[in-house]
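Asker: Please read through the structure below; I'll follow up with questions.
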Amino acid sequence: MSMASSGSRRARRVRTLVVVAGALVALVAASQLWGEMPAEASPSMQSTGSSFASVAIQQWVGQSSTLFGLNINWQVSSSVIGLNNFGQNQIDFAASDIPYSAQQSTYYPSQPYQYLPDVAGGLAFMFNLNGNDGQRITDLNLNASLVGKIFLGEITKWNNPAIAAANPSIAPDLPNTNIIPVFRSDASGENYLLSDYLLHEDGPDMIAAQNAFKSGNPGQPTASWPVPASNANPSPAQYPGWNAGYPVGESGSDNAANYVSALSSQGSITYVETAFAKEHGFPVASLANASGASVQPTSLNVAVALEAALLHADLTQDLSQVYVNPLPQAYPLSAYSYIVAPCSPALAGAQHTQCAANPTGVPGSNPTGPTSPFPTAKGQALGQFASFLACAGQEKMATLGYSPLPPVLVQEDFNAIGRLNGGQQPPPPNAANCKNPYVDGEIPLPGSPTVVGVVGVGGVNPGGVTTTTGASSTATATSPASGGSASSSSGAHSTGGGTSSGSASSEVPGGAAAAAAGLTPQLAAEGYTVVNGHLVKPLDPKDQYLRANHLVAATDAVANPVWGMYIGWALLVLGAILLPPLIAVRWGRRRQAAAAVSAGSGTGE
């Protein structure tokens, strides 16, 4: 046998050992990651609704699929479609900016349900306008009266004296261009929010249009924008825009934003959540608030405005005080959006609260009974999704064009998770288990809305950043089943932040501060403590909510452990596929070589 053939056999053996070793490494890596894989596939869930929150929801759905394997089929539509589909049991949960109590839907739930705030945002006026110098105008100022007259067809030219008066710095540059108002032709939360704002701030003009157009119930906000009826025949002197055919109806925020951003749409303006204007790279008008300042719908300005929001016991919102918030930074057309989800009356009762209720006098039965038909497996998955969106899912909201949820609403979402069949209610949010920028201190919290029945804990947010506090809430508790709508005339202003509730007790370890944070002797015995006014309990490292809120967006997490999981499983599959044939080939060649050597030796003899 030659030294060359012996070296060749040694080289083949080395290559075989390398392949085997690589496969073993893949197996070991996969075995280390086994515990990170879901025990079984996540159930498929269907959802549709709000275009206002759709940019945020689309991101959450994608992230939760990548990070946790959740299987959510989300279709953007409108709030009313979401409410109707949930009311018909066609989807597992809906997204909506308006509650059932607004009575804008056709169908109402026969199962118990609840509202979970998911994000805050500003209704922005995206516009496409070049000045007389041919350059794009980017610093337009509007007020409630101008907004109403533009979208009701009363003002038709951009150089109208009323617009010029509100924009003295650019008045000479305002062109004699037709205003093309782009309204939402579908029933939507945006229509409801804008009409509610105008009824509060420019009521007579809005009511006059509703009467002239024979549209909706005059004096009440509506999800369908007022348009002239075929037999309305409005006076050209009062509504010349409609008679000239300037207003354009578009279904959905995407279509409205696409229309305005087109090159051929000079002079157009629409109302969309700020995220859509940011996606298209178009400016939005500054809106005058109660202080007289003109402000943009930035994340901070939306949060400041919503300090004046009043949330009823079922978490539906009253925005009447938001529209007139006197703080200079407040963007007056700000609101929360919601997830409408199933609710177990029995689990709600254990929390000493109730599921939401249908308004009286509407078609369909009122959801009753102690049980929820929602499957436990779906409740677990939806609970994980809700926990993620309330915490780590809020991290990039300001970048997208939204405003993150304040801690008080994160806690309310956590409570709602505990009302889902199969839902595992997380411990109170804190900087360790909730990567919401208002919870972990990444962004100073300007303040929180007033939630009926929840007592603020002072002016320090969970991240340790001191914030400004103001007058305490004067809201009185109402029945959880009473509902609420944005058009409610009552409200309370609160600039204090906080999430926990409880009464002082000398029996509570830690004294009055701990008692005010809700630390009872039983919770203390379970390991809870108070940090910066919030209940804190160390979590099991394997807890799904801790993992959910430490794993941030997959788009920002190239080095995220979840990618190691996928790589490990890919290596395992490759090893299982490639290892057997490689070993077979190596051993086959070895037998052939041995046979050839044997044959050569026999011939030589």
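The values are calculated or read from the model by the stated rules, or taken from the named source; none is laboratory data. Note that the structure is predicted; figures quoted are calculated from it, not measured. Here the Cβ is made from the backbone with ideal geometry for all residues, glycine too, and neighbour counts use every protein chain on show.
Asker: Sort out which residues of region 71-80 are aliphatic (A, V, I, L, M) and surrounded by 24 or more Cβ atoms within 10 Å (Cβ to Cβ), and write them in order of number.
Answerer: Val80
Asker: Hey, could you check region 162-173 for residues that are outside any helix (DSSP H, G or I) and in contact (Cβ under 8 Å) with a residue 12 or more places away in the chain and say which is surrounded by the fewest Cβ atoms within 10 Å (Cβ to Cβ)?
Answerer: Here the residue is Ser169.
Asker: Follow-up. In region 1-107, which helices (runs of 4 or more DSSP H) lie fully inside it and hold 3 or more residues that are at pLDDT 50 or above and within 18 Å of Ser387 (Cα to Cα)?
Answerer: By residue number, 54-68.
Asker: Output the number of the condition that Asn176 fails; it satisfies all remaining conditions of (1) surrounded by 15 or more Cβ atoms within 10 Å (Cβ to Cβ); (2) touching a strand residue (DSSP E or B) at 6+ places or on another chain (Cβ under 8 Å).
Answerer: So Asn176 meets the others, but not (1).
Asker: When the residues of region 344-365 are narrowed to those that are without any contact (Cβ under 8 Å) to a residue 12 or more places away in the chain and closer than 25 Å to Gln104 by Cα, which ends up surrounded by the fewest Cβ atoms within 10 Å (Cβ to Cβ)?
Answerer: Once the filter is applied, the top-ranked residue is Gly361.
Asker: For region 48-75, which residues satisfy the criterion of being within 19 Å of Glu190 (Cα to Cα) and among the polar types (S, T, N, Q)?
Answerer: If the condition is that a residue be within 19 Å of Glu190 (Cα to Cα) and among the polar types (S, T, N, Q), then Thr48, Ser50, Ser51, Ser54, Gln58, Gln75 are the ones that fit.
Asker: Any residue at all in region 325-343 that's among the aromatic types (Phe, Trp, Tyr) and surrounded by fewer than 24 Cβ atoms within 10 Å (Cβ to Cβ)?
Answerer: no
Asker: In the list Asn255, Asn211, Asn191, which residue meets the criterion of being out of contact with any Phe, Trp or Tyr (no Cβ under 8 Å at 6 or more places or on another chain), within 17 Å of Ser78 (Cα to Cα) and not small (Gly, Ala, Ser)?
Answerer: Asn255
Asker: Related question: Kindly indicate which of Asn141, Asn159 is within 25 Å of Tyr323 (Cα to Cα) and either surrounded by fewer than 22 Cβ atoms within 10 Å (Cβ to Cβ) or among the acidic types (Asp, Glu) (or both).
Answerer: From the options Asn141, Asn159, the qualifying one is Asn141.
Asker: Ok, one more. Report yes if Asn217 is surrounded by fewer than 17 Cβ atoms within 10 Å (Cβ to Cβ) and in a loop (DSSP other than H, G, I, E, B), otherwise no.
Answerer: yes
Asker: While we're here: Do you know which of the residues in region 278-303 that are in a helix (DSSP H, G or I) and surrounded by fewer than 24 Cβ atoms within 10 Å (Cβ to Cβ) is nearest to the chain's Cα centre (by Cα)?
Answerer: Ser299
Asker: Same structure, new question: Testing Pro404 on (1) at pLDDT below 95; (2) within 21 Å of the chain's Cα centre (by Cα), one condition comes back false. Which one is that?
Answerer: It fails just one condition, (1).
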